Each structure stands twice: as C-alpha cells, then as structure tokens.
Amino acid sequence: MAMSEDEKRNTAYHEAGHAIVGRLMPEHDPVHKVTIIPRGRALGVTMFLPEGDRYSYNRTYIHSNLCSLYGGRVAEELIFGADKVTTGASNDIKRATEMARNMVTKWGLSDELGPIAYGEQEDEVFLGRSVTQHKNVSDETARKIDEVVRSILDKAYAQATQILSDNRDKLDVMAKALLQYETIDATQIDAIMEGREPPPPKDWTDPRRKSGGDPSGSTDAKPGPSIGTPVELH
C-alpha cells in the first residue's frame, strides 16, 4: 500500500496517540511496538502486549482501554483540527462503543443501571429466515442505557484529550520517530516517555548513508516478530 506523505504524518500522530495514552493509563497492557507500515487495510498499528493471561476485567482496566482506543482520533484532532479528522478511527470507535455498552448491559459495571443484564435475544438464522428480535427492555430503559454509554465514552475521550494535551511534546517526538524509522519498539518508547531522544531501532540503516541525501521518509526498518498475543489498535 503506497501512502502519501500527508497520510504518513497523520498515521504517525494517530498511532503515537494510541501509544502515549495507553502508556500513561493505569493497569493498561504495556506498549510493545508501534508501526506506520501498512498491514492489510490498516495504515498503522499500535501493539499492546499483555503481561499475562486475563480472564476478567475491572473498571479501571476497561476505562484505560477506552481512553487508548480514542487516543488516535484525539491526536488527529489535536494536531490537525476537527475538520481534518479522518475515518482512520472508525474501528477504534466501534470497539470502544461495544466495550462501553457491554459495561452497561452485560457486565453490570455502571452505577446508574447496576448489576442487571439488559439486551435483546435473537433466534437462530436458518433457511433464509430473518432474525426475530424480542426486546426485553422498555424504551425508557433503552434511552437510559444510551445515555450512560455516551457518558462513559465522553469521559474516556475527555481524559485522552487531557493526556495528549499535557504530553504534546512527547506526541511530536514519537510521531517524528515513526516518520523516520517507521517502526519503534519499547526501547524507543521508553526513551521518549522519559524525555530522551529515542535511539535508532536495532539494525536500522540511515537512508542518507545510501543515497548521500536527506531521508525520503522510507527506511529499512521492518516490523519484528510479535511475541505472545498482542492487542492491536489501528
């Protein structure tokens, strides 16, 4: 996939937003790698590597993940303005919305609606028959669910905005590193978050040594093998 320079810059800030918010939120999985090398339909990927198997999730962990999911879109809005926000966050928004709705309707993790399961039951689809839905919540309860879900998501978006506004310098440095190296790992991320200049990735070759000129934006950096089962944000 060939990306324009504008798309590369936008993607670099988008992925840096995911990484920085995820790094600074409590109980979030550690950031393993960030890349702006396209993978499939994704222009870039931020990989979070869980430190161990998780079989249940608490509110803090879920809220932290909601914030990091919005980190990409927030970074775009912060750097380029609301009118320049792209569709790149569509999957992030979908995942965040599903997670927040599950908090309210399945997991009993909202104070407003409490530990009660809400939702719709669906019959199996077979022989071309359409799905028959049986609503088991009133219209008033459905509206309340929407309000609570919106409140959860608004809180996560606001916190992601605050984090990236407070760490704008790190956002710029990480985006610059991604544009130069295309892929950075925990070593470079640690340096950036500590306020240091990130070192080049291992085995990286400066294009200027080959061409004798300024880097064109393309490097020899390639994404290394992933370890375990990382969580990816695009």
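The values are calculated or read from the model by the stated rules, or taken from the named source; none is laboratory data. Here the structure is a predicted model, which means the values were calculated and not measured. Cβ placement follows ideal geometry from the backbone for every residue including glycine, while neighbour counts extend to all protein chains displayed.
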Only residues that are within 13 Å of Ile184 (Cα to Cα), in contact with a strand residue (DSSP E or B) (Cβ under 7 Å, 6 or more places away or on another chain) and of a type outside the set (Ser, Thr, Tyr): list them for the range 17-43, please. Ala19, Val31, His32, Lys33, Val34, Ile37
Given the conditions (1) of a type in the set (A, V, I, L, M); (2) in contact with a strand residue (DSSP E or B) (Cβ under 7 Å, 6 or more places away or on another chain); (3) over 16 Å from Ile62 (Cα atoms), every one holds for Leu49 apart from (3)
Give the residues of the range 64-119 that are more than 11 Å from the chain's Cα centre (by Cα), surrounded by fewer than 20 Cβ atoms within 10 Å (Cβ to Cβ), in a helix (DSSP H, G or I) and of a type in the set (Gly, Ala, Ser), sorted by residue number. Ala82
Enumeration of residues in the range 7-39 that are among the basic types (Lys, Arg), within 14 Å of Leu49 (Cα to Cα) and part of a helix (DSSP H, G or I): Arg23
Any residue at all in the range 194-201 that's modelled with pLDDT under 95, in contact with a helix residue (DSSP H, G or I) (Cβ under 6 Å, 6 or more places away or on another chain) and either assigned to a helix (DSSP H, G or I) or surrounded by 13 or more Cβ atoms within 10 Å (Cβ to Cβ) (or both)? yes
Of all residues in the range 135-188, count the ones that are closer than 25 Å to Asn102 by Cα, in a helix (DSSP H, G or I) and small (Gly, Ala, Ser). 5
Can you spot a residue in the range 73-88 that is more than 19 Å from Thr187 (Cβ to Cβ), at pLDDT below 95, touching a helix residue (DSSP H, G or I) at 6+ places or on another chain (Cβ under 7 Å) and polar (S, T, N, Q)? yes
If Ser226 passes every condition in (1) at pLDDT below 90; (2) over 28 Å from Lys33 (Cβ atoms); (3) among the hydroxyl-bearing types (Ser, Thr, Tyr) but one, which one does it miss? (2)
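Can you tell me which residues in the range 39-60 are under 14 Å from the mean Cα position of the chain (by Cα) and within 15 Å of Arg23 (Cβ to Cβ)? Steps first, answer last, please.
Of all residues in the range 39-60, those under 14 Å from the mean Cα position of the chain (by Cα) come to 42-49.
Correct list: Thr46, Met47, Phe48, Leu49.
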Filter result (assigned to a helix (DSSP H, G or I) and touching a Pro at 6+ places or on another chain (Cβ under 9 Å)) within the range 40-62: Thr60, Tyr61
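Modelled with pLDDT under 95 and at positive phi: which single residue out of Gly128, Gly213 fits that description?
Details: Gly213 fails: at positive phi.
On inspection, the qualifying residue turns out to be Gly128.
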